[in-house]
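The values are calculated or read from the model by the stated rules, or taken from the named source; none is laboratory data. None of the values given here were measured: they were computed from a predicted structure. Quick reminder, even Gly has a Cβ in these numbers, built from the backbone with ideal geometry, and neighbours come from all protein chains shown. Ligands, DNA and RNA are excluded from the accessible area calculation, which covers all protein heavy atoms including side chains. Shrake-Rupley method; radii C 1.70, N 1.55, O 1.52, S 1.80 Å.
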Amino acid sequence: MPRTIYILNGPNLNLLGRRQPEIYGHDTLDDVARRCAETGAGQGLETLLLQSNHEGQIVDWIHEARDAAAGIIINPGALTHYSIAVLDALNTFDGPVIEVHISQVHKRESFRHHSYVSLRADAVMAGFGVHGYVLAMRHMGHLLAG
Ligand code: DQA
């Protein structure tokens, strides 16, 4: 059984730390990758953080995760709200899936209130800032420990 957790990030999250810091904070995706790796190390889990601005690449990584990952943590960015393709791909994955949003999406525009990914996610984190990724990693450890 693979002990790697895929941490997938969708469009615009490459700009984390520079993009609307009043909403998303000043930490970068590299900071997130480091903190998740540290958290995973304490749980016997490896992490692979990936980001793409392209829906098809996210779908391809989810397919890859079917054989390579024990769990998926995903912040799909705007794809959350419209991508049935990402939902369909996640539905082919057998392990735990945790959806993360840095911002509290339910306090924002109404188009951010609906998530296709939530139809598959085993847990959803929203509004914890980038700490939400670390909390998701901890919960992933619990889920995989059974
Ligand atoms: C986001 C929320 C989405 O609505 C938005 O499109 C993003 C980031 C978040 O992390 O808060 O790109 O997923």
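Using helices alone, I'd like the mean residue ellipticity at 222 nm for the chain: each DSSP H run of four-plus residues gives -39500 (n - 2.57), total over residue count, nearest 500.
Calculated mean residue ellipticity at 222 nm is -11000 deg cm²/dmol.
Evaluate E = 1/(1 + (r/R0)^6) for Asn12 and His142, where r is the Cβ-Cβ distance and R0 equals 25 Å; express this FRET efficiency to the nearest 0.05.
0.25
Karplus couplings for region 36-49 from phi (6.51 cos²θ - 1.76 cosθ + 1.60, θ = phi - 60°), rounded to Hz, Gly and Pro as x?
After applying 6.51 cos²θ - 1.76 cosθ + 1.60, I find 5, 5, 4, 5, x, 4, x, 10, x, 10, 9, 10, 9, 9 Hz.
Given 0.36 nm per residue, what is the gain on full extension from Lys107 to Arg19 after removing their alpha carbon distance, in nm?
Taking 0.36 nm per residue and subtracting the Cα distance, the gain is 29.8 nm.
Compute the distance in nm between two label points, each set 7 Å from the Cα along the Cα-to-Cβ direction, one at Gln57 and one at Ala78.
The modelled label-to-label distance comes out at 1.6 nm.
Hey, rough spin-label estimate for Glu64 and Ser118, points 7 angstrom out along Cα→Cβ, what's it come to in nanometres?
That separation, rounded to one decimal, is 2.9 nm.
Test of understanding: express the Cα radius of gyration of region 81-134 as a ratio to 2.2 N^0.38 Å, with N the residue count.
1.14
Over the chain, with the other protein chains present, what is the accessible area per residue in square angstrom, probe 1.4 angstrom?
Averaged over the residues of the chain, the accessible area is 48 Å².
From the mean inverse distance of alpha carbon pairs (Kirkwood) and the Cα radius of gyration, derive Rg over Rh for region 1-68.
That ratio equals 1.02.
So, with a 1.4 angstrom probe, what is the percent of accessible area on the chain that is carbon and sulfur?
Carbon with sulfur: 50 percent of the solvent-accessible area.
Restricting the calculation to Cα positions, tell me the Rg (one decimal) and the Dmax (whole number) of the chain in Å.
When restricted to Cα atoms, the chain yields Rg and Dmax of 13.8, 40 Å.
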